[in-house]
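Below: the structure, in structure tokens.
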Amino acid sequence: DLYNFRLIGPNTKVHGVIGNPISHSKSPHVYNPAFKFVGFDGIYLPFLVDSVSRFLHTFSSLDFVGYSYTIPHKEDGLRCCDEVDPIAKELLVAMIKRLQDGKLLGYNVDYLGAITAIEKGLTESIGRSKSSSPLSERLFVVIGAGGAGKALAYGAKVKGARVVANRTYAKAKELAEKVGGEAIVLSDLEKFHPEEGMVLANTTSIGMKPNIDHTPLPKEALKHYCLVFDAIYTPKSTRLLQEAQEAGAAVVYGTEMFINQAFVQFENFTNLPGMYQRKKRHSNKK
Ligand code: ATR
């Protein structure tokens, strides 16, 4: 039932995820039921692909809307697009979409999953209206400067002030310069509190299973933050998040980033407001 084969017709829009390996991908399990749920005539397939350019050439005759890229094709993705969104030039191409004129646009909206989850967390905990964008009024501290740290720092750039804290200062500096922020070495973050009510995002593996007793920032320092996000999702609640709650901060779990990322990609593929549609249908049922 996952692929709704009986529903495929001449107007069915083809989507998929390109990777190698690919059988582990959860994306078809997310998109196909979602397409069905909202009545969208689309299908989402996993494609085991060696060469992205050969794949795109072969499949160009299909009525495809877009593909998601996963390991190891994100860099190839950059080379196989006619146009690349500026953020994707830094974060690599995660999605590709065929525009009306047939050109292929490469882009990356992965960072929006975390930023949307954090904004929702702030709105719920502080009770502001969504339109006031509370994140833009706060200092956003990102711990880590790897792939996930980069995505968060770029997401924060869209919103305003940001600080990159990393174990290796040179990497923090390089990323901070790119996003117009400030760099700090992680061991100094404990003493860093230029203002109250900051937002913290951990993107490192500190605290991940099996090292669940590790934390990137001591509890005492967490009182300066109004919200703490951890990209780790195993365990669901890390020591950092538990101590943040004890220190009175709102928390956002790593799983929320994935859920929101799926919503963002869904909206991009279908042009349907996934979140709104979902809520509306639920409220209709009541
Ligand atoms: P990802 O793509 O998942 O973000 P990554 O590119 O390997 O993973 O980046 C891991 C990040 O976590 C890096 O910023 C790394 O710090 P360094 O730049 O100093 O290597 C950080 N990190 C990982 N383990 C860490 C630890 N035990 N203490 C401090 N920072 C750590």
Failed criterion for Lys36 (all others in (1) within 24 Å of Leu92 (Cβ to Cβ); (2) more than 23 Å from the chain's Cα centre (by Cα) hold): (1)
When Asn108 is evaluated against the numbered criteria (1) farther than 21 Å from Leu241 by Cβ; (2) away from the ligand (no atom under 16 Å from the Cβ); (3) within 17 Å of the chain's Cα centre (by Cα), which criterion, by number, is the only one it fails? (2)
Any idea how many residues of region 139-153 are more than 10 Å from the ligand (Cβ to nearest atom) and buried (at least 24 other Cβ atoms within 10 Å of the Cβ)? 3
Consider only pairs whose beta carbons are under 6 Å apart and that are at least six residues apart or on different chains; among these, list those whose first residue lies in region 37-59 and is under 20 Å from Tyr3 (Cβ atoms) and touching a residue at least 24 places away in the same chain (Cβ under 8 Å) and whose second residue is assigned to a helix (DSSP H, G or I) and among the hydrophobic types (A, V, I, L, M, F, W, C). Gly42/Phe35; Val49/Phe55
So, first residue modelled with pLDDT of 95 or more in region 180-198, second residue among the polar types (S, T, N, Q), Cβ within less than 9 Å, six or more apart or across chains; the pairs are Ala183/Asn166; Ile184/Asn166; Val185/Asn166; Val185/Thr168; Leu186/Asn166; Leu186/Thr168; Leu186/Thr204
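Every residue in region 27-47 that is outside any helix (DSSP H, G or I) and surrounded by 12 or more Cβ atoms within 10 Å (Cβ to Cβ), please.
Let us first name the residues in region 27-47 that are outside any helix (DSSP H, G or I), namely 39-47.
Those that are outside any helix (DSSP H, G or I) and surrounded by 12 or more Cβ atoms within 10 Å (Cβ to Cβ): Phe40, Asp41, Gly42, Ile43, Tyr44, Leu45, Pro46, Phe47.
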If you go through region 234-247 one residue at a time, do you hit one that is at pLDDT 95 or above, in contact with a Pro (Cβ under 9 Å, 6 or more places away or on another chain) and within 14 Å of the ligand (Cβ to nearest atom)? yes
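Consider region 236-266. How many of its residues are of a type in the set (D, E, K, R), within 15 Å of Ala117 (Cβ to Cβ) and not in a loop (DSSP other than H, G, I, E, B)? Give the steps one after another, and end with the answer.
Narrowing region 236-266 to residues of a type in the set (D, E, K, R): 236, 239, 243, 246, 256.
Checking the rest, the ones that are also within 15 Å of Ala117 (Cβ to Cβ) come to 236, 256.
Those left that are additionally not in a loop (DSSP other than H, G, I, E, B): 256.
Final tally of qualifying residues: 1.
How many of the residues making up region 83-108 are assigned to a loop (DSSP other than H, G, I, E, B) and farther than 20 Å from Val14 by Cα? Break it down stepwise before answering.
Narrowing region 83-108 to residues assigned to a loop (DSSP other than H, G, I, E, B): 85, 92-94, 99-103, 108.
Checking which are farther than 20 Å from Val14 by Cα leaves us with 85, 92.
Final tally of qualifying residues: 2.
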Mind listing just one residue for me: the one in region 160-211 that is part of a loop (DSSP other than H, G, I, E, B), in contact with a helix residue (DSSP H, G or I) (Cβ under 9 Å, 6 or more places away or on another chain) and of a type in the set (A, V, I, L, M, F, W, C) and, of those, farthest from the ligand (Cβ to nearest atom)? Ala161
Out of the residues in region 212-232 that are within 12 Å of the ligand (Cβ to nearest atom) and of a type outside the set (Val, Ile, Thr), which is surrounded by the fewest Cβ atoms within 10 Å (Cβ to Cβ)? His214
Looking for something hydroxyl-bearing (Ser, Thr, Tyr), surrounded by 17 or more Cβ atoms within 10 Å (Cβ to Cβ) and within 13 Å of the ligand (Cβ to nearest atom) - is there at least one such residue anywhere in region 115-123? no
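The values are calculated or read from the model by the stated rules, or taken from the named source; none is laboratory data. Given the structure is predicted, the values throughout are model-derived calculations rather than measurements. We place every Cβ from the backbone using ideal geometry, glycine too, and count neighbours over all the protein chains shown.
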